[in-house]
Amino acid sequence: MTNPNLPQNFNLIVPAGTQIVTKIEVKNPGGDKSWKQGAVGVIVKSPTDNSHAYLVKLPDATQVSLRRHEFSIRKQFQSEGLELGGDFLAEYNLYDSVIYRCVVGSRAYGLDNEQSDTDRRGIYQPPAILHWSLYGIPEQLENKENQECYWELQKFLVLALKANPNVLECLYTPLVEKLSPVAAELLEIREIFLSQLVYQTYNSYVLSQFKKMEQDLRTTGGIRWKHAMHLIRLLLSGITVLKEGFVPVRVQDFRSQLLAIRNQEISWDEVNRWRLSLHAEFDRAFADTKLPERPNYEQANLFLIKSRQSAIGS
C-alpha cells in the first residue's frame, strides 16, 4: 500500500550514490542469477528524465537497469512502517483530548470587526498509551477551516518557556471556553513562563517583520496594514510584560490608534516612528524589569510530569 506520508513524486531524478531497494525481482542480464524483491543497491548513473532507466550496482558489483517505479529509496523504504502510525492514531479522536480551549486574535484583543474570524487555540493531552507507543503523537492538531489549533501539552509548555507570543496570550486571554482541572492548574502558575526572554522574542519578530514590510513597500508599494497593527500591539504588549509581569491581551488604552493603522488612517512614516519609539521604551523596560532572566524550567517540568501521571489510564 502506498504511504501518503512519504514523498511520491517520481518526476524528481534520484541522484547517483543513492542507496535503493528493489520493488521487483531482478534478473542478471548476462546470466541466470536473480535477486528477489527487496535487494539493495546503489545508483551509479541517473538518467536525464524518468522515461529512461537508472543504472544500479548490486552488492556483488553486478549492474542492472531499473525504472523509477521498480525501486524505492532505502531511507524511505525503512521508514514506511513507522510512518503508518496514522492507522494506530485513527482509533482515537484526539480532539476529545482537548483540555484547554480559548479565543485569541482580534476578538480577544477587542480589535475585531464584522469580517474577523474567531481564532481558537489551546492544549490537548492525549492518553498515556499514545506517548508510550512506537508512533508517537502529533505536536499539534490544526483545523484551518475552523481557525483552530491545539498544541500537545509538552509542545505548548516548551513554546511558552521560549516566550512565544501566541502561546503566552493563550495563558492570559479572558475568553476561555474549556478549562479542565489540569489546565486550571496551569493557569494558576502561568507567571513561571514570564522572563526577560520576552524582550528578545518580541523584539526580534517585530524587527524581522518590519524589514519585510519595508521591502514590500519598495517592491510592490503596499503592505498588510492589519499585520502592521498587530506588530505595534506586540511591542506594547511586551513592554507591559516587562514592566508589570503579566501579558495584556485586551487592548484598551491604544485601541483607537491601533485601529487607525489597520484602517490606513496613519501614514507608514508615522507608524515607523511609533515603532522606533516603542523599541526605545522596550529597551528601558528591559533595563528596569524585575522579571527573571529565564523562566522557571523546573516548575514547568514538574507540572508536565504530574499532568502525565494523571493521564495514565485515560
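Odds and ends about this structure:
- Rel. contact order, % - alpha carbon contacts under 8 angstrom, at least six apart, segment 93-153: 35
- Value of relative contact order over the chain, rounded to a whole percent, pairs C-alpha under 8 Å and six or more apart: 14
- Viscosity 1.002 mPa s, 20 °C: Kirkwood-radius Stokes-Einstein D of segment 145-231 over Cα pairs, µm²/s: 141
- Length gained when the stretch Asn93-Ser180 is fully extended (0.36 nm per residue, less Cα-Cα span): 29.6 nm
- Sequence-distant contacts, meaning Cα pairs under 8 Å at least 6 residues apart, place the relative contact order of segment 119-232 at 19 percent.
- Using a cut-off of 29 Å between Cα atoms, the listed pairs Lys144/Lys212; Lys75/Lys211; Lys36/Lys75 include Lys75/Lys211 as exceeding that distance.
- Adding -39500 (n - 2.57) for every DSSP H run of four residues or longer, then dividing by how many residues the chain holds, sets the calculated 222 nm ellipticity at -13000 deg cm²/dmol.
- Averaged over its residues, the chain has an accessible area of 56 Å² per residue, based on protein heavy atoms and a 1.4 Å probe.
- Electrostatic dipole magnitude of the chain [Cβ: Lys, Arg +1; Asp, Glu -1; Cα centre; debye, to 20]: 780
- Cross-link pairs beyond the 27 Å C-alpha cut-off, checked among Lys243/Lys306; Lys162/Lys306; Lys178/Lys306: Lys243/Lys306
- In Å, descending, principal axis extents of the Cα set of segment 224-275: 32, 19, 17
- Accessible-area ranking of Tyr172, Tyr150, largest first, probe 1.4 Å: Tyr172, Tyr150
- Each Cα pair of the chain feeds into the Kirkwood radius, which the Stokes-Einstein equation turns, at 37 °C and 0.692 mPa s, into a diffusion coefficient of 138 µm²/s.
- Per-selection metrics, segment 225-314 (Cα): Rg and Dmax in Å: 18.4, 58
- Heavy-atom accessible surface of the chain: percent carbon and sulfur, 1.4 Å: 49
- Cross-link partners of Lys45 among aspartates and glutamates, defined as those whose alpha carbon lies under 18 angstrom from its own and excluding same-chain residues fewer than eight positions apart: Asp60, Glu70.
- Positive dipole terminus of the chain, leading residue within Ile266, Gly221, Gly105 (C-beta point charges): Gly221
- Dipole of the chain, positive end: most advanced residue of Thr62, Ser133, Ser195 [Cβ charges, Cα centre]: Thr62
The values are calculated or read from the model by the stated rules, or taken from the named source; none is laboratory data. Note that the coordinates shown come from a computational prediction; the quantities given were computed from them, not determined experimentally. Here the Cβ is made from the backbone with ideal geometry for all residues, glycine too, and neighbour counts use every protein chain on show. Areas reflect the complete protein model, heavy atoms only, side chains present, ligands, DNA and RNA absent. Shrake-Rupley method; radii C 1.70, N 1.55, O 1.52, S 1.80 Å.
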